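Structure, as C-alpha coordinates:
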Amino acid sequence: MTKILLLGGALATALTLTAAEPQNESFFFDDLGEVNGVADNGRFAAIGDPENNRAYLWDSAEPDLFREITPDPEDTENLPSAQRITGALAYDVTDDGSIAVGSLYYRDGHTVPAIYTDGTWRPLPLHASSMNTNEAIAITPDGKTIAGYSFIYDRASEIGGRYYPCQWTLDDSGNYTLHAYTDIELPDHQGFFPMTQSPDGRVIAGTLYCGMSSQIPVLLVDGELKIFDELTEVAEPWIYKGKYYCGVGDDGKQIWSEDPNDPRIELFTTYYIDGWRDTGESLLTGLLCNCDANGNFYGRRTLISNVDEEGNATLTSVACIYNLEADEWYDTTDYTGFSAGVGRDLIFTENCKVIKDGVADPISDAYEIVAPSPLAGVSKISIDGTVLGGMRYEVNPASGEYQYFPFMTITEDATVGVKLTVATSANRPAFLLRGNTLTVSGTEKMSVYTADGALVGTGLTVQLPAGTYVAKAGAASAKFIVK
(Lines give C-alpha, C1' and ligand atoms only; values in the text may rest on other atoms or scores of the structure.)
Protein backbone atom coordinates (compact mmCIF):
# COMPACT_ATOMS: atom_id res chain seq x y z
CA MET A 1 0.00 0.00 0.00
CA THR A 2 1.63 3.23 -1.15
CA LYS A 3 -0.16 6.47 -0.50
CA ILE A 4 0.79 10.15 -0.36
CA LEU A 5 -0.66 12.07 2.58
CA LEU A 6 -0.68 15.79 3.21
CA LEU A 7 0.69 17.27 6.41
CA GLY A 8 -1.49 19.56 8.45
CA GLY A 9 -0.19 23.11 8.69
CA ALA A 10 2.79 22.40 6.44
CA LEU A 11 4.76 25.18 4.86
CA ALA A 12 5.69 25.58 1.20
CA THR A 13 7.22 22.60 -0.62
CA ALA A 14 9.91 24.37 -2.60
CA LEU A 15 12.15 26.34 -0.26
CA THR A 16 14.46 29.08 -1.49
CA LEU A 17 16.36 30.31 1.57
CA THR A 18 19.27 32.71 1.38
CA ALA A 19 21.34 34.61 3.88
CA ALA A 20 18.75 37.36 3.80
CA GLU A 21 15.93 35.16 5.07
CA PRO A 22 17.19 32.47 7.46
CA GLN A 23 14.47 30.59 9.28
CA ASN A 24 13.41 27.24 10.66
CA GLU A 25 10.67 25.23 8.95
CA SER A 26 8.40 22.78 10.80
CA PHE A 27 5.98 20.25 9.35
CA PHE A 28 3.22 18.61 11.38
CA PHE A 29 1.57 15.30 10.56
CA ASP A 30 -2.13 14.79 11.21
CA ASP A 31 -1.84 10.99 11.41
CA LEU A 32 -0.66 9.09 14.46
CA GLY A 33 2.98 8.06 14.54
CA GLU A 34 6.48 8.49 15.92
CA VAL A 35 9.69 9.59 14.21
CA ASN A 36 11.83 6.50 14.70
CA GLY A 37 14.77 7.44 12.51
CA VAL A 38 16.31 10.38 10.67
CA ALA A 39 18.93 9.77 7.98
CA ASP A 40 22.36 11.00 9.04
CA ASN A 41 22.31 13.68 6.35
CA GLY A 42 18.78 14.73 7.32
CA ARG A 43 17.33 14.04 3.89
CA PHE A 44 14.82 11.36 4.93
CA ALA A 45 12.95 10.18 8.02
CA ALA A 46 11.30 6.87 8.97
CA ILE A 47 7.99 7.07 10.80
CA GLY A 48 5.93 4.34 12.43
CA ASP A 49 2.47 4.19 13.97
CA PRO A 50 2.68 1.42 16.59
CA GLU A 51 -1.03 1.67 17.42
CA ASN A 52 -2.10 0.76 13.91
CA ASN A 53 1.09 -0.87 12.55
CA ARG A 54 1.58 1.62 9.74
CA ALA A 55 4.84 2.79 8.17
CA TYR A 56 5.76 6.08 6.47
CA LEU A 57 8.74 7.79 4.85
CA TRP A 58 9.40 11.55 4.83
CA ASP A 59 11.52 13.20 2.13
CA SER A 60 12.90 16.67 2.84
CA ALA A 61 12.68 17.51 -0.87
CA GLU A 62 8.88 17.30 -0.46
CA PRO A 63 8.61 18.23 3.21
CA ASP A 64 4.87 18.87 3.24
CA LEU A 65 4.14 15.26 2.19
CA PHE A 66 4.75 11.92 3.75
CA ARG A 67 4.40 8.64 1.97
CA GLU A 68 2.75 5.60 3.47
CA ILE A 69 4.69 2.41 2.78
CA THR A 70 2.52 -0.03 4.73
CA PRO A 71 2.07 -3.25 2.73
CA ASP A 72 -1.43 -3.94 1.45
CA PRO A 73 -3.04 -6.75 3.53
CA GLU A 74 -4.98 -7.84 0.44
CA ASP A 75 -1.74 -9.00 -1.17
CA THR A 76 -1.45 -11.88 1.33
CA GLU A 77 -5.14 -12.33 2.14
CA ASN A 78 -5.34 -15.86 0.74
CA LEU A 79 -2.25 -17.18 2.53
CA PRO A 80 -2.21 -19.09 5.87
CA SER A 81 -2.43 -16.94 9.01
CA ALA A 82 1.33 -17.11 9.71
CA GLN A 83 2.01 -15.68 6.23
CA ARG A 84 -0.68 -12.99 6.13
CA ILE A 85 0.91 -9.56 6.56
CA THR A 86 -1.28 -7.07 8.43
CA GLY A 87 1.06 -4.07 8.83
CA ALA A 88 4.56 -2.70 9.25
CA LEU A 89 6.67 -0.21 11.18
CA ALA A 90 9.57 1.84 9.77
CA TYR A 91 12.51 2.56 12.10
CA ASP A 92 15.36 4.00 10.03
CA VAL A 93 16.43 4.95 6.51
CA THR A 94 19.67 5.35 4.56
CA ASP A 95 21.11 8.69 3.49
CA ASP A 96 19.93 8.22 -0.10
CA GLY A 97 16.49 6.95 0.93
CA SER A 98 16.86 3.73 -1.05
CA ILE A 99 16.48 1.40 1.96
CA ALA A 100 14.27 1.66 5.03
CA VAL A 101 14.31 -0.90 7.83
CA GLY A 102 11.63 -1.99 10.25
CA SER A 103 9.37 -4.92 10.91
CA LEU A 104 6.46 -6.73 9.31
CA TYR A 105 3.40 -7.74 11.35
CA TYR A 106 1.54 -10.98 10.68
CA ARG A 107 -2.00 -12.03 11.50
CA ASP A 108 -0.90 -14.72 13.99
CA GLY A 109 0.89 -12.04 16.06
CA HIS A 110 4.54 -12.56 15.15
CA THR A 111 6.84 -9.91 13.70
CA VAL A 112 9.92 -10.23 11.51
CA PRO A 113 12.73 -7.76 10.69
CA ALA A 114 12.48 -6.41 7.16
CA ILE A 115 13.79 -3.90 4.65
CA TYR A 116 11.77 -1.68 2.33
CA THR A 117 13.42 -1.10 -1.04
CA ASP A 118 12.23 -0.61 -4.61
CA GLY A 119 8.67 -0.25 -3.31
CA THR A 120 8.59 -3.66 -1.62
CA TRP A 121 9.01 -5.02 1.91
CA ARG A 122 11.37 -8.00 2.18
CA PRO A 123 11.93 -10.08 5.34
CA LEU A 124 15.49 -10.37 6.64
CA PRO A 125 16.99 -13.74 7.66
CA LEU A 126 16.03 -14.99 11.13
CA HIS A 127 17.82 -17.18 13.65
CA ALA A 128 16.46 -20.73 13.56
CA SER A 129 15.26 -20.44 17.17
CA SER A 130 13.67 -17.00 16.87
CA MET A 131 10.24 -16.69 18.42
CA ASN A 132 7.45 -14.14 17.94
CA THR A 133 9.13 -10.72 18.34
CA ASN A 134 11.85 -9.61 15.93
CA GLU A 135 12.68 -6.19 14.46
CA ALA A 136 15.30 -4.22 12.52
CA ILE A 137 15.79 -0.86 14.24
CA ALA A 138 18.74 0.92 12.60
CA ILE A 139 20.77 1.03 9.39
CA THR A 140 24.11 2.67 8.59
CA PRO A 141 23.97 5.66 6.21
CA ASP A 142 25.40 3.55 3.37
CA GLY A 143 22.98 0.67 3.96
CA LYS A 144 25.70 -1.92 4.57
CA THR A 145 24.90 -2.80 8.21
CA ILE A 146 21.50 -3.23 9.85
CA ALA A 147 20.96 -3.64 13.59
CA GLY A 148 18.00 -5.18 15.36
CA TYR A 149 16.98 -7.91 17.73
CA SER A 150 15.27 -11.27 17.97
CA PHE A 151 13.54 -12.94 20.86
CA ILE A 152 15.29 -16.30 20.70
CA TYR A 153 14.41 -19.57 22.42
CA ASP A 154 16.71 -20.27 25.36
CA ARG A 155 15.91 -23.21 27.59
CA ALA A 156 18.18 -21.81 30.33
CA SER A 157 15.83 -18.84 30.71
CA GLU A 158 12.88 -19.03 33.09
CA ILE A 159 10.65 -17.37 30.47
CA GLY A 160 11.88 -19.64 27.66
CA GLY A 161 13.81 -17.06 25.70
CA ARG A 162 15.71 -13.76 25.65
CA TYR A 163 16.16 -10.71 23.47
CA TYR A 164 19.47 -10.92 21.64
CA PRO A 165 21.00 -8.18 19.46
CA CYS A 166 21.40 -9.00 15.78
CA GLN A 167 23.14 -7.46 12.79
CA TRP A 168 22.71 -8.03 9.09
CA THR A 169 25.61 -7.14 6.78
CA LEU A 170 25.42 -6.66 3.04
CA ASP A 171 27.51 -9.27 1.19
CA ASP A 172 29.05 -9.12 -2.29
CA SER A 173 25.99 -10.70 -3.85
CA GLY A 174 23.71 -7.96 -2.56
CA ASN A 175 22.09 -10.07 0.17
CA TYR A 176 22.07 -9.45 3.92
CA THR A 177 23.81 -12.04 6.12
CA LEU A 178 22.59 -12.52 9.70
CA HIS A 179 24.77 -12.47 12.80
CA ALA A 180 22.71 -13.15 15.93
CA TYR A 181 24.85 -12.53 19.03
CA THR A 182 23.60 -15.52 21.00
CA ASP A 183 27.14 -16.18 22.23
CA ILE A 184 27.07 -13.23 24.66
CA GLU A 185 26.34 -14.15 28.29
CA LEU A 186 23.19 -12.46 29.61
CA PRO A 187 21.57 -12.58 33.06
CA ASP A 188 18.47 -14.73 33.50
CA HIS A 189 15.90 -12.18 32.43
CA GLN A 190 14.37 -10.80 29.22
CA GLY A 191 17.78 -10.03 27.69
CA PHE A 192 19.42 -7.21 25.73
CA PHE A 193 16.97 -4.87 23.97
CA PRO A 194 18.77 -2.75 21.32
CA MET A 195 17.69 0.85 20.72
CA THR A 196 20.33 2.36 18.42
CA GLN A 197 23.43 1.66 16.34
CA SER A 198 26.51 3.82 15.81
CA PRO A 199 26.85 5.39 12.33
CA ASP A 200 29.74 3.05 11.48
CA GLY A 201 27.87 -0.07 12.62
CA ARG A 202 30.48 -1.04 15.21
CA VAL A 203 28.29 -0.51 18.26
CA ILE A 204 24.77 -1.49 19.24
CA ALA A 205 23.36 0.23 22.35
CA GLY A 206 20.24 -0.27 24.41
CA THR A 207 19.02 -1.61 27.72
CA LEU A 208 19.74 -4.84 29.62
CA TYR A 209 17.09 -6.44 31.79
CA CYS A 210 18.55 -7.77 35.04
CA GLY A 211 17.84 -8.33 38.74
CA MET A 212 14.16 -8.49 39.67
CA SER A 213 13.00 -6.12 36.91
CA SER A 214 15.76 -3.54 36.71
CA GLN A 215 17.19 -2.11 33.50
CA ILE A 216 20.74 -0.86 32.96
CA PRO A 217 22.49 0.72 29.93
CA VAL A 218 24.53 -1.68 27.82
CA LEU A 219 26.66 -1.74 24.65
CA LEU A 220 27.76 -4.37 22.17
CA VAL A 221 31.12 -3.15 20.81
CA ASP A 222 32.57 -5.12 17.88
CA GLY A 223 30.53 -8.10 19.05
CA GLU A 224 31.71 -7.87 22.69
CA LEU A 225 29.22 -7.14 25.49
CA LYS A 226 30.03 -4.07 27.58
CA ILE A 227 28.16 -3.92 30.91
CA PHE A 228 28.92 -1.01 33.23
CA ASP A 229 27.55 -2.59 36.42
CA GLU A 230 28.63 -5.64 38.41
CA LEU A 231 25.82 -8.22 38.44
CA THR A 232 25.80 -10.93 41.10
CA GLU A 233 23.35 -13.73 41.88
CA VAL A 234 23.46 -15.32 45.34
CA ALA A 235 21.38 -18.18 46.81
CA GLU A 236 20.08 -16.84 50.15
CA PRO A 237 17.35 -17.75 52.66
CA TRP A 238 14.23 -15.65 53.08
CA ILE A 239 14.45 -14.04 56.52
CA TYR A 240 11.45 -12.30 58.08
CA LYS A 241 11.49 -10.89 61.60
CA GLY A 242 14.51 -13.03 62.46
CA LYS A 243 12.96 -16.28 61.20
CA TYR A 244 13.89 -18.40 58.20
CA TYR A 245 11.36 -19.58 55.62
CA CYS A 246 11.16 -23.38 55.37
CA GLY A 247 8.41 -23.90 52.85
CA VAL A 248 4.78 -24.93 53.27
CA GLY A 249 3.56 -27.75 55.49
CA ASP A 250 0.92 -30.40 54.77
CA ASP A 251 -1.67 -28.12 56.32
CA GLY A 252 -0.91 -25.45 53.73
CA LYS A 253 0.65 -23.07 56.26
CA GLN A 254 4.09 -21.49 55.93
CA ILE A 255 6.89 -22.92 58.10
CA TRP A 256 9.36 -20.55 59.76
CA SER A 257 12.37 -21.49 61.85
CA GLU A 258 14.61 -19.54 64.20
CA ASP A 259 17.47 -22.01 63.61
CA PRO A 260 19.81 -20.73 60.81
CA ASN A 261 21.05 -24.32 60.36
CA ASP A 262 17.59 -25.86 59.91
CA PRO A 263 17.89 -28.24 56.89
CA ARG A 264 14.38 -27.28 55.79
CA ILE A 265 15.42 -23.70 55.02
CA GLU A 266 14.73 -22.88 51.37
CA LEU A 267 17.16 -20.79 49.36
CA PHE A 268 16.10 -18.16 46.83
CA THR A 269 18.11 -16.34 44.19
CA THR A 270 18.99 -12.84 45.34
CA TYR A 271 20.21 -10.29 42.81
CA TYR A 272 22.89 -7.69 43.55
CA ILE A 273 23.77 -4.82 41.21
CA ASP A 274 26.97 -3.02 42.26
CA GLY A 275 26.36 -4.32 45.78
CA TRP A 276 22.76 -3.08 45.95
CA ARG A 277 20.25 -5.79 46.82
CA ASP A 278 17.49 -5.78 44.23
CA THR A 279 14.35 -6.81 46.09
CA GLY A 280 11.95 -5.48 43.47
CA GLU A 281 10.66 -2.73 45.76
CA SER A 282 12.85 -0.20 43.90
CA LEU A 283 14.18 -0.66 40.39
CA LEU A 284 17.01 0.69 38.29
CA THR A 285 16.07 2.39 35.03
CA GLY A 286 18.76 2.73 32.41
CA LEU A 287 19.12 2.83 28.64
CA LEU A 288 21.14 4.32 25.79
CA CYS A 289 18.81 5.35 22.98
CA ASN A 290 20.86 7.46 20.53
CA CYS A 291 24.44 8.12 19.49
CA ASP A 292 26.34 10.75 17.52
CA ALA A 293 29.28 10.55 15.11
CA ASN A 294 31.83 11.03 17.90
CA GLY A 295 30.90 8.01 20.00
CA ASN A 296 28.61 9.80 22.48
CA PHE A 297 25.62 7.73 23.60
CA TYR A 298 22.61 9.48 25.12
CA GLY A 299 20.12 8.15 27.66
CA ARG A 300 19.54 7.75 31.36
CA ARG A 301 20.65 5.52 34.21
CA THR A 302 20.44 5.00 37.97
CA LEU A 303 23.50 5.64 40.12
CA ILE A 304 24.10 3.45 43.19
CA SER A 305 25.88 4.88 46.25
CA ASN A 306 26.16 4.47 50.04
CA VAL A 307 25.83 0.69 49.91
CA ASP A 308 25.68 -0.91 53.39
CA GLU A 309 26.43 -4.48 54.50
CA GLU A 310 22.83 -5.58 53.95
CA GLY A 311 22.75 -4.30 50.38
CA ASN A 312 20.74 -1.19 51.02
CA ALA A 313 21.83 1.84 48.99
CA THR A 314 20.96 5.28 47.71
CA LEU A 315 19.54 5.25 44.17
CA THR A 316 19.80 8.41 42.05
CA SER A 317 18.23 8.75 38.62
CA VAL A 318 20.26 10.82 36.15
CA ALA A 319 20.33 11.86 32.52
CA CYS A 320 23.59 10.65 31.01
CA ILE A 321 26.01 10.71 28.10
CA TYR A 322 28.61 7.99 27.69
CA ASN A 323 31.66 8.58 25.49
CA LEU A 324 33.04 5.30 24.22
CA GLU A 325 36.48 6.53 23.18
CA ALA A 326 37.22 8.23 26.51
CA ASP A 327 35.23 5.65 28.52
CA GLU A 328 33.68 8.52 30.49
CA TRP A 329 30.20 9.36 31.75
CA TYR A 330 28.50 12.71 32.04
CA ASP A 331 25.61 12.56 34.54
CA THR A 332 23.17 15.17 35.75
CA THR A 333 20.11 15.12 38.00
CA ASP A 334 18.70 18.21 36.26
CA TYR A 335 16.84 16.09 33.69
CA THR A 336 15.16 12.68 33.58
CA GLY A 337 17.11 11.66 30.49
CA PHE A 338 18.72 12.71 27.23
CA SER A 339 17.16 11.62 23.94
CA ALA A 340 19.75 12.79 21.37
CA GLY A 341 22.58 15.23 20.83
CA VAL A 342 25.77 16.37 19.14
CA GLY A 343 28.47 16.18 21.79
CA ARG A 344 27.68 18.33 24.81
CA ASP A 345 27.14 21.47 22.73
CA LEU A 346 23.66 20.35 21.65
CA ILE A 347 21.57 17.99 23.80
CA PHE A 348 17.87 17.18 23.65
CA THR A 349 16.20 16.12 26.89
CA GLU A 350 13.31 13.78 27.60
CA ASN A 351 11.31 16.64 29.12
CA CYS A 352 11.16 18.59 25.85
CA LYS A 353 14.09 20.94 26.30
CA VAL A 354 17.23 21.57 24.29
CA ILE A 355 20.59 22.49 25.82
CA LYS A 356 22.71 24.66 23.53
CA ASP A 357 26.17 25.53 24.80
CA GLY A 358 25.02 24.83 28.37
CA VAL A 359 21.83 26.90 28.21
CA ALA A 360 18.49 25.06 28.37
CA ASP A 361 15.33 26.29 26.66
CA PRO A 362 12.02 24.70 25.66
CA ILE A 363 12.40 23.14 22.21
CA SER A 364 9.45 25.14 20.89
CA ASP A 365 11.14 28.42 21.90
CA ALA A 366 14.64 27.52 20.75
CA TYR A 367 13.49 26.50 17.27
CA GLU A 368 10.45 28.76 16.95
CA ILE A 369 8.14 25.76 16.54
CA VAL A 370 4.49 26.76 16.54
CA ALA A 371 2.73 23.41 16.81
CA PRO A 372 -1.03 22.69 16.80
CA SER A 373 -0.63 20.88 20.15
CA PRO A 374 2.07 20.57 22.86
CA LEU A 375 5.39 18.98 21.95
CA ALA A 376 6.43 15.69 23.55
CA GLY A 377 10.08 16.08 22.54
CA VAL A 378 12.67 15.40 19.85
CA SER A 379 13.53 11.72 19.46
CA LYS A 380 15.83 11.63 16.40
CA ILE A 381 18.12 14.13 14.68
CA SER A 382 20.47 14.32 11.72
CA ILE A 383 24.13 13.72 12.49
CA ASP A 384 24.82 17.47 12.72
CA GLY A 385 21.65 18.25 14.67
CA THR A 386 20.11 20.52 12.04
CA VAL A 387 17.14 18.32 11.06
CA LEU A 388 14.88 17.25 13.93
CA GLY A 389 12.24 14.56 14.24
CA GLY A 390 9.89 14.47 17.20
CA MET A 391 6.36 14.16 18.47
CA ARG A 392 3.55 16.37 19.60
CA TYR A 393 0.63 15.04 21.60
CA GLU A 394 -3.09 15.42 22.11
CA VAL A 395 -5.36 13.93 24.75
CA ASN A 396 -8.13 11.77 23.36
CA PRO A 397 -11.32 13.29 24.81
CA ALA A 398 -13.10 9.93 24.79
CA SER A 399 -10.47 7.78 26.50
CA GLY A 400 -8.26 10.38 28.21
CA GLU A 401 -5.20 8.71 26.67
CA TYR A 402 -2.30 10.54 25.06
CA GLN A 403 -2.04 10.32 21.28
CA TYR A 404 1.23 11.12 19.53
CA PHE A 405 1.75 12.77 16.14
CA PRO A 406 5.14 13.18 14.39
CA PHE A 407 6.69 16.43 13.29
CA MET A 408 9.84 17.40 11.40
CA THR A 409 11.86 20.60 11.76
CA ILE A 410 14.47 21.79 9.27
CA THR A 411 16.68 24.42 10.87
CA GLU A 412 18.28 27.40 9.21
CA ASP A 413 21.69 25.66 9.52
CA ALA A 414 20.66 22.53 7.61
CA THR A 415 23.02 21.71 4.74
CA VAL A 416 21.32 18.74 3.09
CA GLY A 417 18.97 18.84 0.11
CA VAL A 418 16.20 20.52 2.05
CA LYS A 419 16.69 24.25 1.63
CA LEU A 420 16.73 23.99 -2.12
CA THR A 421 15.05 25.43 -5.14
CA VAL A 422 14.01 22.16 -6.78
CA ALA A 423 13.19 22.35 -10.49
CA THR A 424 11.51 18.94 -10.69
CA SER A 425 10.77 16.12 -8.28
CA ALA A 426 12.73 13.72 -10.48
CA ASN A 427 16.09 15.39 -9.82
CA ARG A 428 16.75 16.27 -6.19
CA PRO A 429 20.42 16.66 -5.35
CA ALA A 430 21.25 16.23 -1.67
CA PHE A 431 24.16 18.11 -0.08
CA LEU A 432 25.95 16.73 2.97
CA LEU A 433 28.54 18.60 5.04
CA ARG A 434 30.82 16.56 7.35
CA GLY A 435 33.46 18.71 9.00
CA ASN A 436 34.97 20.70 6.15
CA THR A 437 34.03 18.19 3.41
CA LEU A 438 30.98 18.91 1.25
CA THR A 439 29.54 16.11 -0.89
CA VAL A 440 26.54 15.91 -3.17
CA SER A 441 24.43 12.99 -4.43
CA GLY A 442 21.73 12.80 -7.08
CA THR A 443 23.69 14.80 -9.63
CA GLU A 444 26.90 14.63 -11.67
CA LYS A 445 28.55 17.81 -10.39
CA MET A 446 28.17 20.74 -8.03
CA SER A 447 29.79 24.16 -7.93
CA VAL A 448 30.64 25.87 -4.65
CA TYR A 449 30.90 29.66 -4.26
CA THR A 450 31.83 32.03 -1.45
CA ALA A 451 29.22 34.43 -0.13
CA ASP A 452 30.76 37.02 -2.47
CA GLY A 453 30.20 34.81 -5.51
CA ALA A 454 33.77 33.54 -6.05
CA LEU A 455 33.99 29.94 -7.34
CA VAL A 456 36.03 27.80 -4.90
CA GLY A 457 35.47 24.27 -6.19
CA THR A 458 33.54 21.87 -8.42
CA GLY A 459 32.87 18.13 -8.42
CA LEU A 460 31.03 15.64 -6.23
CA THR A 461 33.29 16.37 -3.22
CA VAL A 462 34.85 19.71 -2.24
CA GLN A 463 37.15 20.42 0.73
CA LEU A 464 36.53 23.86 2.27
CA PRO A 465 38.11 26.15 4.87
CA ALA A 466 35.98 27.97 7.44
CA GLY A 467 33.49 30.36 5.89
CA THR A 468 30.04 30.82 4.37
CA TYR A 469 29.27 29.17 1.03
CA VAL A 470 26.55 28.55 -1.54
CA ALA A 471 26.49 25.22 -3.39
CA LYS A 472 24.69 24.76 -6.70
CA ALA A 473 23.84 21.55 -8.55
CA GLY A 474 21.61 21.90 -11.57
CA ALA A 475 18.51 23.83 -10.48
CA ALA A 476 19.18 23.22 -6.78
CA SER A 477 21.14 25.40 -4.36
CA ALA A 478 21.93 25.48 -0.66
CA LYS A 479 23.63 27.83 1.76
CA PHE A 480 25.83 26.49 4.57
CA ILE A 481 28.53 27.44 7.02
CA VAL A 482 31.85 25.67 7.63
CA LYS A 483 33.09 26.36 11.16
Residue 293, sole failed condition from (1) at pLDDT below 95; (2) assigned to a strand (DSSP E or B); (3) under 19 Å from the mean Cα position of the chain (by Cα):
(2)
Note on residue 149: of the conditions (1) open to solvent by less than 20 Å² (accessible area, probe 1.4 Å); (2) in a loop (DSSP other than H, G, I, E, B); (3) under 25 Å from residue 53 (Cα atoms), unmet is (2)
Of the residues 452, 361, 413, 384, which single one is at pLDDT 90 or above, open to solvent by 60 Å² or more (accessible area, probe 1.4 Å) and either more than 22 Å from the chain's Cα centre (by Cα) or within 14 Å of residue 40 (Cα to Cα) (or both)?
361
So how many residues does the stretch 387-407 have that are among the aliphatic types (A, V, I, L, M) and surrounded by 14 or more Cβ atoms within 10 Å (Cβ to Cβ)?
3
Do we have residue 308 as outside any strand (DSSP E or B) and under 23 Å from residue 391 (Cβ atoms) here?
no
For the stretch 227-284, enumerate the residues that are among the small types (Gly, Ala, Ser) and touching a residue at least 60 places away in the same chain (Cβ under 8 Å).
280
If I go through the stretch 167-205 residue by residue, how many of them are part of a strand (DSSP E or B) and either open to solvent by 60 Å² or more (accessible area, probe 1.4 Å) or touching a residue at least 40 places away in the same chain (Cβ under 8 Å) (or both)?
18
Filtered residues of the stretch 58-111 (kept if hydrophobic (A, V, I, L, M, F, W, C), open to solvent by less than 10 Å² (accessible area, probe 1.4 Å) and at pLDDT 95 or above)
58, 69, 88, 89, 90, 93, 100, 101, 104
What about residue 116, is it more than 15 Å from the chain's Cα centre (by Cα) and under 26 Å from residue 185 (Cβ atoms)?
no
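The values are calculated or read from the model by the stated rules, or taken from the named source; none is laboratory data. Worth saying up front: this structure is predicted, and the values here are computed from it rather than measured. No Cβ is skipped: glycine too gets one built from the backbone with ideal geometry, and neighbour counts run over all protein chains shown. What goes into the accessible areas is simple: the full protein's heavy atoms, side chains included, and nothing from ligands, DNA or RNA. Shrake-Rupley method; radii C 1.70, N 1.55, O 1.52, S 1.80 Å.
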